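Every number here is computed from the coordinates shown, using simple stated rules; none is lab data. Nothing here was measured: the structure is a model prediction, and the numbers come from that model. Here the Cβ is made from the backbone with ideal geometry for all residues, glycine too, and neighbour counts use every protein chain on show.
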Amino acid sequence: MKATGSDVLLWNAFREGNREAYAGIYKLYIEDLLSYGYRVTSNRQLIKDSIQDLFLHLWLHRENLSETDSIKFYLFRALRNRILRNIEKSDILPQTADSILENIIEDFSFEQELMAQETEVQQIGRLQKAINKLSKRQQEVIQLRYHNDFSLEEIENLMQLNNQSVRNLLHRAISQLRISFEMAGWFLLLITSFTR
Amino acid sequence: MFEKYAGYSVEDFVKDEKFIAWVKFSHPEEDLFWSDFIQNYPGQQETIIHARQIVTHLSEASRMPVDQNDVSEIWSKLESALAEEGENTGRVLTINWKKWVAAASVILLSALIWWNYPSTSDQPQVYARLIEQAENPLKEVINTTSGTISVILPDGSTVKLEKASRLSYDRDFTGKQREVFLSGAAFFNVTKNPEKPFIVYANELVTKVLGTSFTINAFEENKKVTVSVRTGRVSVFKNTDLTRLDADHKGIILIPNQQAAFTKEDETLVRSLVEAPQVVVSQQELRDLTFTNAPLPDIFEALEKAYGVEIVFDKALLSNCRLTTSLGNETLFERLDIICEALEASYKVVDAQIMIDGKKCN
């Protein structure tokens, strides 16, 4: 992911106490952060609390924050650390992954209805299910890589892994997706392409 | 440089950094690289097509769907926490709206918002009559500050609500249309959703859009209600009996730099240009618009393009007129004043068109 000049401007304005910039940052990244949070842990309340804590912390300590040329990376890293910290000290029983998906999937299928190509939607739906069966870390690395467009280097930094471990994790995730598609025996473009 | 990819499998491509970047961002240079590659290794074409599709699907499928309720819930909580902090320090919210739209294409919102349920006291009458008809319970924001505040709606649309203005809206936009009610003035930046039109009721005017940005000025004590468009298209119609309307209602269409004004006295709805039309092309395109001893019709055509307006003039009559000028950041009318002065011509705005009245040049 390439850093942009507008990120620097927005970040600096926010650090100087511009609430518009602050709200703009929220608006720009909240969906990505929530989506990522849901991926990292199944405890939805913990995600929401962590994001709220994070943004409150950002505003209250804005003057002490360092410069950044990638707000997105900064926020992802800060959120991940915060979620992990909160998981450690939380004694709440985690909500199960299934109940989260139930809550969310209803909205999502509505979104998907809008898509013109039914078959493509089905394919993506299948892929989604396959991804949700991967280990949490594999799910995380796939989302960071293919959806959030972070570079391998940024992912190393985020997940606190070395380069080779990130590559291995990605490699295993992709292979596993291929295998689950083969085993299910779906006779669709995706399988043929994966097995070619 | 192609050899590396000659023996790649679908899976190899799917994991390749350069390949992923191409699929996701398609820079022209990368397009060139990969089309050259396919020309050199036509056997790899299908592999690439499949790999492309998988990367695209992975990008979509790996995103956990987000619940919009969470987005607004977290923000409201932050807002109350920050409002307290704001009161303690007496911080004043400053707004430099244009700068941020330009810098980050973000529509920004602020934290100083008072959430209230509709109360019947002190409400402007027309507005009160309109919100009475809403089907679902409404959320109301009243700007009692001396500046502009921002409101984020359940669909992610944002509203810059000016002082002494109020806005009511369906708490989660569950209906077929996204309906909001305004008393006062506000700038709207509406999230695109062709399935659910966004409708603003403001005094006797109804504004309907799919996704765009525009300003409405509807204080009840004023004689006029106006809607002016910044981006996109909106349709506006009269609503003199203050009812709610059905979705298929047709009104006049406004494009950027146009506005519609409803005059209460004679109940007319007139289209015209906004007070200071903004350039609608990029600064880069604008920079190229320098004219040296150029025929006037060429200059007018450039102005039409730069401001997205229509200029009506007699081409035959003015084709001998020549000018040297460049287009900068002036407003359209400043620019026209300069040109008309040089040519002893004049202009007027009629129904959002600019009519030029000039003389033949020798």
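Points to keep in mind about this one:
- Contact order normalised by residue count of segment A:5-89, Cα under 8 Å, 6+ apart, percent: 43
- Scaling against 2.2 N^0.38 Å puts the C-alpha radius of gyration of segment B:137-239 at 0.97.
- If you take the Cα centroid of segment B:16-39 and the Cα centroid of segment A:50-72, the two points sit 35 Å apart.
- Peptides ranked, highest mean first, by Cβ atoms within 10 Å: ranges B:254-265, B:37-48: B:254-265, B:37-48
- In segment B:283-357, Cα pairs under 8 Å separated by at least six residues give a relative contact order of 36 percent.
- Each of B:I356, A:I83 was scored by other Cβ atoms within 10 Å of its Cβ. Arranged with the fewest first, they read B:I356, A:I83.
- Cβ neighbours within 10 Å from other chains - mean over A:132-145: 2
- When B:M1, A:M159, B:M355 are sorted by how many other C-beta atoms sit within 10 angstrom of their C-beta, beginning with the fewest, the order is B:M1, B:M355, A:M159.
- Which listed pairs, of A:K72/B:K139; B:K163/B:K223; A:K72/B:K196, have C-alpha distances above 20 Å, in listed order: A:K72/B:K139; A:K72/B:K196
- Inter-chain Cβ neighbour average for residues B:68-80, partner chain, 10 Å: 5
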